[in-house]
Structures are given as C-alpha cells and as structure tokens.
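Scroll down for the structure; my scribbles are underneath it.
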C-alpha cells in the first residue's frame with residue numbers, strides 16, 4: 001500500500017529547495033533509452049504509431065539543442081521514417097545501427113535517484129520536454145510557422161504509444177487528452193490497457209485539464225501544469241524517491257513571485273497574470289539550453305560553442321588594457337569578469353598560488369555556465385524600452401499577425417478565384433453574343449440572283 005497523497009498544490013513547509021541546474025547528461029541519456037530501447041521494442045509500427053513517430057522525430061530535429069552531427073543524424077532518421085508506410089522495431093534498430101546514431105548511456109546527474117530504481121530515465125524525459133518547450137519559445141521569437149503546440153501534440157501522440165511504462169503511457173494520454181485533434185484517438189488503440197485498478201478513462205477529466213496551448217509561452221506553462229498534475233498523482237507512491245519528493249514546481253522557496261494567495265489565504269502557483277509572467281520567466285531561465293551543464297556527454301552529441309569563452313577572454317584583455325585609463329569609471333572599475341565573488345567555481349589556483357579564471361576544464365565549464373546564464377535573453381530586464389523595439393510578449397503578437405496574414409492570404413486567393421470566374425463568364429457571354437450576331441447576319445443575307 002502506498003502512503004496517502006499529500007496536497008502538493010500547497011508548498012511544503014519543511015521542504016528545503018536547492019537549485020539544481022539542467023544537465024545535458026540527463027537529457028541525452030534518457031533520449032537514448034527512448035530511441036534505442038522503447039521504440040525498438042515495438043513489433044509493428046504503422047498507422048497512428050508511425051504517424052506519432054514521424055511527428056516526434058520532426059519536432060526533435062527542429063527543436064532539440066544538440067551538435068550539428070546529432071541534428072544531422074536525427075534528420076536522416078526522420079527522412080527515412082517518413083518514407084516508410086510501415087516498419088518493425090527490428091528495422092528501426094537496424095537503421096539506427098546503420099547510421100551509427102549516437103547511443104549515450106552515461107550516468108544520470110541531476111536525475112540520479114537515491115537508489116537505482118528511483119528517477120533516472122523518466123526524470124530525464126521530463127527535463128527533455130520542458131527544455132523543448134522553452135526552445136520552441138526561443139525560436140518562435142524569430143521564426144514564424146511553428147505550430148503553437150508542436151511539443152505538446154508530439155508528446156500526446158508519441159508518449160502514450162511508445163513509452164515503455166504502460167500505466168504511465170495511459171495516464172499521460174489522459175492528462176493531455178485535450179491536446180488530441182478531433183479525428184485522433186485519445187488513448188492508444190494498439191496497447192493493452194492497464195488493470196482498471198491502475199487506470200480508468202473518464203471523459204470528465206477534460207473539464208479540469210490545463211488549458212491547451214495557444215502560443216509558445218502558454219505551452220511552457222501547460223507542460224509545467226501537467227507535470228505538477230502527474231507529481232500530485234505520484235506523490236507518496238512506492239516509486240517516489242524519498243530524497244526527491246514530488247512537489248509543485250517551482251516551490252515557493254525557489255520563486256516566491258510565482259505564488260500568490262487565494263481568497264482562502266492559501267498559496268496558489270501562477271494564480272494571477274502577474275504571477276504567471278514570473279513563472280514563465282523562471283521556467284525559461286531554468287530550462288534554457290544556454291544554462292545546461294555537461295559532465296560527460298561527448299561533443300559529437302552536445303557541443304557547447306567556445307565563442308562565448310573566447311569573447312569573454314577578449315573582453316577581459318580589453319579591460320586589462322583600459323584599467324586605470326582616464327576613460328575608466330571609478331564607480332565601475334575594469335576588472336576580470338566574472339569576479340571570484342560572483343563565480344568562485346570559475347576560478348582556480350595556479351602553481352604560484354595565483355588565482356586563474358577558467359584555468360582547468362572544470363573551471364571553464366563553470367565559467368561557460370555562468371556566462372550563458374548571465375547573458376541569456378530570457379533573463380533580460382527592461383525598464384523603459386518601448387514594446388515596438390523589445391517586447392517580451394511578442395510571440396502572441398507574431399502569432400496573431402501570422403493568423404491575420406493567413407486570413408489575408410485566404411481572402412486574396414478567394415478574390416483571385418472570383419476574378420477568374422468573372423472573366424470566364426464574361427468570355428463565355430461575349431462568345432454567346434458574337435454567335436447570336438453571326439447567326440442574325442447570316443439569316444438576313446439574301447444572295448443576288450443571276451441574270
């Protein structure tokens with residue numbers, strides 16, 4: 001018997017939050033298990049399963065932050081699957097092997113459980129999908145045409161049909177049921193349903209599900225809400241890691257401004273628009289790939305560019321040259337950035353016991369993480385820049401403009417068609433009038449009699 005559910009809609013009073021960054025290790029380890037393991041276990045992949053696999057791979061190759069080599073191989077696999085009308089798990093595994101698709105099986109870091117049976121693979125998958133919603137948000141700021149629910153819909157189609165945990169698969173299908181299109185099945189039709197004691201479908205759940213995404217920012221918030229629903233269901237279950245309790249994320253200790261008090265003086269996550277804005281900002285900052293840490297994932301899978309470190313080194317050289325010059329602001333002296341007070345882990349001691357910035361690979365990794373987090377646009381503040389120059393809500397505006405453009409295009413096409421119809425009618429009418437006149441002329445003509 002599992003313990004009774006805790007009310008995770010309220011923050012844990014005795015919970016101490018320690019911020020743990022996102023690790024590329026967790027993401028690519030889980031993705032490898034998913035692609036090389038779960039998908040390969042399917043004997044037959046056709047119909048809605050094949051459609052789900054195609055959609056998932058398309059979304060991955062479009063959004064996943066990875067090396068060029070990894071992204072290229074994702075595209076190869078997607079192109080191959082797209083050309084198939086049916087395939088087997090063995091064919092899938094053989095194609096992954098033929099293309100030497102990377103299979104990273106390193107240790108979990110932030111997702112490592114207190115025991116091997118806890119967390120790990122499912123934890124890494126959640127992190128992957130959160131990161132994909134954030135990447136979608138980032139790309140949508142400069143690229144139109146990406147569906148508002150590209151990640152949500154791919155998850156709704158793929159997870160229930162391929163995730164190896166059968167009970168989890170059906171529960172996720174239910175928790176994302178309002179994402180399915182009207183012509184799509186809500187539950188997977190080719191999997192054996194769990195025991196009714198573990199899962200029973202009830203259509204009434206549709207009325208209480210988090211609202212389906214209508215823009216990239218709402219997709220980020222949607223997945224966080226769904227994840228918290230799952231945490232609530234699993235809180236106190238035998239699968240819960242006692243060292244990592246299932247709580248509402250982010251907890252109030254991590255993001256006080258994400259929470260507000262309701263009429264009953266109870267804390268609510270994202271209860272007002274202002275709180276949702278803070279929540280969105282927190283999630284964007286937390287899951288953005290610019291802040292990922294990496295311990296062991298090789299560069300041919302996930303490559304963090306050296307340009308960030310190069311520019312920081314150049315800036316520090318310039319600062320060193322200008323230090324003490326008449327142009328230096330005495331209130332803002334030219335120093336090595338980041339100073340040791342801001343990022344102690346970025347510094348080490350050399351043989352002469354002198355502090356060195358990024359002197360070892362480990363210190364450079366910490367330095368890169370600091371710079372990516374510090375300069376990421378998701379963390380920019382804005383006091384007076386007008387919205388027509390920098391607008392944090394521009395996604396919705398872009399989507400609205402895209403919808404308007406689509407409407408205008410439809411109107412234009414209809415107008416052209418109507419014009420063509422009108423021209424055709426006029427031509428036919430002209431031809432008819434010409435024939436009538438010709439007949440009248442012929443009937444009124446009398447040939448001259450011979451003399």
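Just so you know, all these numbers are worked out from the coordinates, no wet-lab data involved. Quick caveat: nothing in here was measured; it's all calculated off a predicted structure.
Using the Cα coordinates of region 93-217, the gyration tensor eigenvalues translate into equivalent-ellipsoid semi-axes of 25, 23, 16 Å, sorted from longest to shortest. Counting only Cα atoms, region 238-295 measures 45, 34, 15 Å along its principal axes, largest extent leading.
Each residue of the chain gets 325 Å³ once the volume of the Cα convex hull is shared out per residue. To the nearest ten degrees, helix 273-287 and the longest principal axis of the Cα atoms of the chain are 70 degrees apart.
Taking the longest Cα principal axis of the chain as reference, the axis of helix 89-98 is set at about 70 degrees. The distance linking region 122-162 with region 29-47 is 18 Å (Cα centroid to Cα centroid, whole angstrom). D by Stokes-Einstein for region 237-337, Kirkwood Rh over Cα pairs, 20 °C, 1.002 mPa s: 116 µm²/s.
DSSP beta bridges fully contained in the chain are about 90 percent antiparallel. For the chain, the longest principal axis of the alpha carbon atoms and the long axis of helix 68-82 meet at an angle near 40°. Here is how the number arises for the chain: DSSP H runs of 4 or more residues each give -39500 (n - 2.57), the sum is divided by the residue count, and the result at 222 nm is -15500 deg cm²/dmol. Over region 194-278, what portion of Cα pair distances is larger than 23 Å, expressed as a whole percent? Looking at region 194-278, the distances longer than 23 Å represent 34 percent of pairs.
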